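Accompanying notes for the structure given below.
Each value in this text was obtained by applying a stated rule to the coordinates, not by laboratory testing. Not measured: the values here are computed from a predicted model. Neighbour counts run over all protein chains shown; Cβ positions are idealised from the backbone, glycine included.
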Amino acid sequence: MIQPRLASVVERRLLVNYRVAPDVAARLLPAPLRPQLVHGHAVAGLCLLRLGGVRPDWAPRGVGLRSENAAHRIAVEWDGPDGVETGVYIPRRDTASRVNAWAGGRIFPGRHGRADFDVEESAGRVRVAFATRDGAVRAEATVDVAGELRGSSLFADLAEASRFFRGGAKGYSATRAGRHLDGMELRTAAWHVEAGAVRAVSSSYFEDPDRFPPGSATLDCALVMRDVPVAWRPLPAMAAA
């Protein structure tokens with residue numbers, strides 16, 4: 001895989017987060033990854049992401065691709081050479097972009113399925129719905145932008161939630177061969193998230209009783225990121241069991 005250094009703008013990133021039973025989350029992870037726990041809960045969720053200006057980091061800002069994307073994520077930790085490291089494992093990615101679907105797993109980490117997206121946005125509300133073309137996943141989330149994070153059992157306030165998700169900047173994905181995990185790190189000096197008040201969420205992935213037995217995955221909170229310039233840096237492959 002080529003794994004170039006990339007730059008882009010996160011035009012919109014909607015994080016819909018679930019509290020998950022640790023043993024259930026652990027079954028979805030390849031070794032050496034294990035769930036990162038917050039108050040005894042694993043943390044998983046949906047990342048509904050619109051990227052703009054995706055390009056090699058040496059290219060000017062005026063060029064680049066724009067795409068709608070969805071990723072299912074599980075917060076993880078593992079033992080690194082200098083101690084415990086944190087990030088996310090991404091069991092599934094989907095995109096509206098033919099380019100991303102072709103390049104995922106070839107040019108940059110993570111195979112991408114194709115999906116169709118329906119998006120409505122205003123200054124105070126974000127609605128994103130998508131359905132994968134293989135029929136495996138459907139999801140919809142409507143979130144109002146809020147001044148404070150309320151009702152979360154994982155995080156006391158927005159600042160605590162922001163620190164947690166900023167610490168999950170390293171993302172790992174399975175490869176076609178399955179012998180190692182490919183990784184990429186999100187970097188930004190302009191990190192900023194807003195609290196979201198959930199109006200409605202549905203997810204066939206998290207509502208699948210075979211994957212998440214009843215009561216093992218509970219909607220917790222949502223966060224919104226908008227108009228943040230970022231860089232994407234490849235990580236060394238991680239051996240997987």
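Please name all residue pairs, on different chains or six or more residues apart, with Cβ atoms under 7 Å, provided the first residue is in the stretch 12-34 and is without any contact (Cβ under 8 Å) to a residue 40 or more places away in the chain and the second residue is among the aliphatic types (A, V, I, L, M) and not in a loop (DSSP other than H, G, I, E, B).
Every condition considered, the pairs that remain are 22/37; 22/42.
Within the stretch 17-26, is there a residue that is among the polar types (S, T, N, Q), in contact with a helix residue (DSSP H, G or I) (Cβ under 9 Å, 6 or more places away or on another chain) and assigned to a loop (DSSP other than H, G, I, E, B)?
Within the stretch 17-26, not a single residue is among the polar types (S, T, N, Q), in contact with a helix residue (DSSP H, G or I) (Cβ under 9 Å, 6 or more places away or on another chain) and assigned to a loop (DSSP other than H, G, I, E, B).
Would you mind finding the one in 198, 224 that is touching a strand residue (DSSP E or B) at 6+ places or on another chain (Cβ under 6 Å), closer than 24 Å to residue 113 by Cα and in a strand (DSSP E or B)?
224
Working only within the stretch 104-126, note down all residues that are surrounded by 18 or more Cβ atoms within 10 Å (Cβ to Cβ) and either in a helix (DSSP H, G or I) or without any contact (Cβ under 8 Å) to a residue 40 or more places away in the chain (or both).
104 - this is the single residue of the stretch 104-126 that is surrounded by 18 or more Cβ atoms within 10 Å (Cβ to Cβ) and either in a helix (DSSP H, G or I) or without any contact (Cβ under 8 Å) to a residue 40 or more places away in the chain (or both).
I'm trying to understand the selection: among the residues of the stretch 198-241, which are without any contact (Cβ under 8 Å) to a residue 12 or more places away in the chain and either under 18 Å from the mean Cα position of the chain (by Cα) or closer than 19 Å to residue 91 by Cβ (or both)?
Across the stretch 198-241, the qualifying residues are 207, 208, 209, 210.
Out of the stretch 154-179, which residues are of a type in the set (Ser, Thr, Tyr) and in contact with a strand residue (DSSP E or B) (Cβ under 6 Å, 6 or more places away or on another chain)?
Answer for the stretch 154-179, where residues must be of a type in the set (Ser, Thr, Tyr) and in contact with a strand residue (DSSP E or B) (Cβ under 6 Å, 6 or more places away or on another chain): 172, 173, 175.
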